[in-house]
Amino acid sequence: MNSRPLHPETLTWTALLGKWISFAKASVALPDDEEGRNWRDSVVAIINLQAVTFALAEIGELVPQDRPVALDRAEMMIDENQKSLERTWGKSIPESLSEIVDDARKAHVLARSIDSPGIPGTSTSD
């Protein structure tokens, strides 16, 4: 019998993808009022921010020369999706969405500190 090892990271991403698909499908049922439309318009940004947050936790899996580009792309994605939420909600962004953005930013700071220990401004001990 050929038994293959389970890869928890693959299973985790598969489970997350399943949850994100369910979330996206459920957004169709939101009411057709301003708040419902805002939530529906926020789905892509929410999924992108959560994906970036989880991916940054695995920055150490990349070969060192690929990490700076990955970190830069992650920062760009966070910025773009935050701007998308700000365009959608204006000054009334729900706290839960602000927390998602904050989580992504914290993950980015942590990933950068892991990638660049000892460089001023990148270490969590600074």
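Tell me yes or no: at least one residue of the range 94-116 is out of contact with any strand residue (DSSP E or B) (no Cβ under 6 Å at 6 or more places or on another chain), at pLDDT below 95 and not in a helix (DSSP H, G or I). Checking the range 94-116: at least one residue is out of contact with any strand residue (DSSP E or B) (no Cβ under 6 Å at 6 or more places or on another chain), at pLDDT below 95 and not in a helix (DSSP H, G or I).
The set of residues from the range 56-79 being surrounded by 12 or more Cβ atoms within 10 Å (Cβ to Cβ) and in contact (Cβ under 8 Å) with a residue 24 or more places away in the chain comprises 56, 57, 58, 59, 67, 68, 71, 74, 75, 77, 78.
The values are calculated or read from the model by the stated rules, or taken from the named source; none is laboratory data. Please read these numbers as outputs of a predicted model, since none were measured by experiment. As a convention, Cβ positions derive from the backbone with ideal geometry for all residues, glycine included, and neighbour counts pool all protein chains shown.
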